[in-house]
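**Student:** I'd like to ask some things about the structure below.
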Amino acid sequence: MSKLKPSLESMMESKSGCSLAALVIGALVLVGLLIGWPQYRVYQQRLAGEAALAEAQSSRQVAILEARAKKESAVSLAEAEVIRAEGAAKANKILQDSLGGPEGYLRYLQIQALEESKAQMIYVPTEAGLPVTEAKRLDQ
């Protein structure tokens, strides 16, 4: 039994040494967390701020590029409209000159409009610009 006693005492001493070491390690970890955690939060917030700034700059660049594309599109559409209008003006000028001036061209446009309409009754304006009415025909 005396042999068991020293081994129990040595085990007790080694257990108390382990628990003391564990307590010291735990205290060091706790001190490390108390010091490191606030610094980590500051670091984390700085990274979040940098990410938000990068996203805002990217969104701004996208908005600028979209605005440039819209501007270029509007300029191109305006140029195309000017070219179309110039072509129509030239065509109208050629027709007008070949039909004897503006009056002849207007008469030509009137005839075209009459051909396209599917009306049963057409009123042709007189010299004063007023249509001739047939009031007596409607009384029947």
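Readers should treat all values here as calculations from the given coordinates under stated rules, not as data from a laboratory. These numbers come from a predicted model, not from an experiment. Because the Cβ atoms are built from the backbone with ideal geometry, glycine has one as well, and the counts that use them run over all protein chains shown.
**Student:** Quick one: length gained pulling Ala56 to Ile94 fully straight, 0.36 nm per residue minus the C-alpha distance?
**Tutor:** Details: separation 38, 0.36 × 38 = 13.68 nm, distance 5.70 nm.
Taking 0.36 nm per residue and subtracting the Cα distance, the gain is 8.0 nm.
**Student:** Taking the Cβ-Cβ separation of Ala69 and Gln39 as r and a Förster radius of 41 Å, what is the calculated FRET efficiency to the nearest 0.05?
**Tutor:** Working: r = 45 Å, r/R0 = 1.11.
The calculated FRET efficiency here is 0.35.
**Student:** If the chain between Glu86 and Ser117 were fully stretched, how many nm would it gain, using 0.36 nm times the residue separation less the Cα-Cα distance? Present the calculation step by step, with values, prior to reporting the outcome.
**Tutor:** Details: separation 31, 0.36 × 31 = 11.16 nm, distance 2.85 nm.
Difference between extended and current length: 8.3 nm.
**Student:** Assign unit charges at the C-beta atoms only (+1 for Lys and Arg, -1 for Asp and Glu), then state the dipole size of the stretch 15-89 relative to its Cα centre in Debye, rounded to the nearest 20. Walk me through the numbers on the way to the answer.
**Tutor:** On the way: 8 positive and 7 negative charges, 124 e Å.
Result for the stretch 15-89 is approximately 600 debye, rounded to the nearest 20.
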